[in-house]
Amino acid sequence: MDASNKTNLEPYTVGELSGALKRTIETEFGQVRVRGEISRAKRLPSGHIYFSLKDETAVIEAVIWRSSVPRLATQPEDGTEVIATGKLTTYGARSQYQLIVEALELAGEGALLKQIEERKKRLAAEGLFDPARKKPLPSLPTVIGVVTSASGAVIRDILHRLEDRFPRRVLVWPVAVQGAGSAEQIAAAIRGFNALPIDGEVPRPDVLIVARGGGSLEDLMAFNEEIVVRAAADSAIPLISAVGHETDTTLIDFASDRRAPTPTAAAEFAVPVRADLLARVREIGGRLDATAMRGLEQQRTHLTALSRGLVHPRQLVEGAWQRVDDLLDRLSRCAQVAVPNRLRDVEQLGRRLRSPAELLKERSGTLDLWTHRLQAGATRLAERKEADVERWGALLESLSYRRVLDRGYALVRDGQGVPVTQANDARGALTIEFKDGVVQAAAGIAPKRKRDGEPKDQAGLF
């Protein structure tokens, strides 16, 4: 090896060199503010946000740890020019340096307006500003919810104006109206009022007022944040926005149900003037009285006109009396003619009637005739039935087995009294019935069948 290439420098390991660079950069750039345009912003499931800051000549990587995200004045969005405050460090695993961001603010009013305009277009495309979503305000709310700073002049102006016009119960949800975390507090207050039960211990407001006093564009940025705009659009309770002065416009104004130019005007929108309302009620009451009187007068006139066409009740009664007298007279005349006629008819019918004795005598002769006929018929029927019985009895007697015994035959029965009709069935004790009596016998060996020509005997039967 050439001696000229030798050196007295001790070699670093990769890790040692990376650590030395990290210490040097963090020492020299422990707190820096960097202006640039955000690109490739992404939030990981861990809650950390990674993005790049760039300008016309260079790019630097940046990261916002999860613990710093809630304190940001604005959230990183692609294309937004910002000023990032933090410290510079290195990431040895990739041999790159990066900015650990602790605070983030928009770079100038132009950048703010650009961000607001782009956000407005995106939310409008989702329908959050659709007029059809807007709800009417209640004519006279019982409870009013106010989301604002508890220490500012805004709440005093609202309460004073409500007291002058129409005192109502007011629930105040104090929030920070600017700075880090203010947007989250405002959105949580809107959603918190909506989450109250209708019949709960804490009454649910009938209308909400979200308000703050005037300020710069940066001061009002909390009311341009997406989380606040979405909370206002999702509110089931009618919401009045009153942010800044009359010329100030924030995105919550487009999502609210009614925009008030000032917090005082918001109180005027929320309630009517009590004196005006009472005067209106008295006016309506007077008009109702006048209308009722006119109606009564018209009915009285109409009734009078109708009464002219009515007949006096006495005339109706007198006419009825006359008709009754006429009917009574006609009834009397009819009775004088009809009664004699009816009497004559009764006499004629009476002469045509036969006495009960005559009818009974006539019916008695007929009854005797039918009685004689029935008796004769019953006698003949009995004689025919008796002859039939004798005939069937003689026939039955002729068919009896005893007539067979009379002709010289005998009836053989076994011990159970069952007739024996074949020689092979004759076993044990037998009973033989003749014409003139019964004898007992015992069966022997069954006889053999005889051939033709052999003498016939009954030696084997007994």
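No lab work stands behind these numbers, since they all come straight from the coordinates. What you are looking at is a predicted structure, and each value in this text was computed from that prediction instead of being measured. Virtual Cβ from ideal backbone geometry, glycine too; neighbours counted across all protein chains shown.
Among 39, 441, 182, whose Cα projects farthest towards the positive end of the dipole of the chain, with charges put on the beta-carbon of Lys, Arg (+1) and Asp, Glu (-1)?
441
Quick check: Cα centre of the stretch 263-279 to Cα centre of the stretch 4-83, how many Å?
56 Å
Write down the Kirkwood hydrodynamic radius of the stretch 146-196, to one decimal in angstroms, obtained as one divided by the mean of 1/r over all alpha carbon pairs.
11.8 Å
Residues with amide H under 5 Å of residue 166's amide H, sequence separation 5 or more or different chain, H placed in the peptide plane at 1.01 Å from N; which?
274
Is the shape of the stretch 231-302 rounded, prolate or oblate, going by the alpha carbon gyration tensor and its root eigenvalues a ≥ b ≥ c, with a/c under 1.5 for rounded and a/b larger than b/c for prolate?
Prolate shape, in that a/c is at least 1.5 and a/b is the bigger ratio.
Can you give me the C-alpha center-to-center distance between the stretch 354-381 and the stretch 307-343, rounded to a whole angstrom?
Between the Cα centre of the stretch 354-381 and that of the stretch 307-343, the gap is 61 Å.
Taking Cα atoms, how many degrees apart are the long axis of helix 313-352 and the longest axis of the chain, rounded to 10 and kept between 0 and 90?
That helix lies at roughly 20 degrees to the long axis.
When 435, 120 are ordered from fewest to most other Cβ atoms inside 10 Å of their Cβ, what list results?
435, 120
So what's the chain giving for Rg/Rh, alpha carbon basis, Kirkwood Rh from the mean inverse pair distance?
Looking at the chain, the ratio lands at 1.74.
Sort 404, 346 so that the residue with the fewest other Cβ atoms within 10 Å of its own Cβ comes first and the one with the most comes last.
Fewest to most other Cβ atoms nearby, the residues stand as 346, 404.
Could you check what % of the DSSP bridge pairs in the chain are antiparallel, to the nearest 5?
Just about 65 percent of them are antiparallel.
Quick query: amide H of residue 91 versus all other amide H atoms, modeled in the peptide plane; which residues come in under 5 Å with a sequence gap of 5 or more or a different chain?
Long-range HN contacts for residue 91: 96, 97, 98.
Percent antiparallel among DSSP beta bridges with both residues in the stretch 57-195, to the nearest 5?
Percentage antiparallel, nearest 5: 55.
Just subtract the alpha-carbon distance of residue 407 and residue 100 from 0.36 nm times their residue separation and send over the number in nm, one decimal.
Gain on extension, residue 407 to residue 100, equals 95.7 nm.
Kindly state, to the nearest 0.05, the FRET efficiency for residue 308 paired with residue 287, given R0 = 30 Å and r defined as their beta-carbon distance.
The calculated FRET efficiency here is 0.40.
Where does the Debye-calculated log10 I(q)/I(0) of the stretch 24-63 sit at q = 0.17, 0.31, 0.32 Å⁻¹, using only Cα point scatterers of equal weight, no solvent?
At q = 0.17, 0.31, 0.32 Å⁻¹ the computed log10 ratios are -0.56, -1.00, -1.02.
Rounded to the nearest angstrom and ordered from largest down, what semi-axes does the equivalent ellipsoid of the stretch 1-136 get from its C-alpha gyration tensor (root of 5λ)?
Square roots of five times the eigenvalues give 44, 15, 13 Å.
Determine the calculated [θ] at 222 nm for the chain from helices alone, applying -39500 (n - 2.57) to every DSSP H run no shorter than 4 residues and normalising by the residue count; nearest 500 deg cm²/dmol.
Taking each H run of at least 4 residues, the total per residue is -15000 deg cm²/dmol.
For residue 209, enumerate residues with amide H under 5 Å from its amide H, sequence gap 5+ or separate chain, H modeled in the peptide plane.
Excluding prolines and chain starts, which carry no amide H, the hits are 145, 146, 147, 240.
Could you state the angle between the C-alpha long axis of helix 356-398 and the longest principal axis of the C-alpha atoms of the chain, as a value from 0 to 90 degrees rounded to the nearest 10?
80 degrees
How are the alpha carbon pair distances in the stretch 134-219 distributed across 10 Å bins from zero to the largest one, expressed in percent?
All Cα pairs considered, the percentages come to 16, 47, 32, 6, 0.
Determine the dipole magnitude for the chain: charges of +1 sit on the beta-carbon of Lys and Arg, -1 on that of Asp and Glu, nothing else is charged, the reference point is the Cα centre, and the result goes in debye to the nearest 20.
3140 debye
Please give the helix 182-195 orientation as an angle from the longest Cα principal axis of the chain, in degrees from 0 to 90, rounded to the nearest 10.
The answer is roughly 20 degrees.
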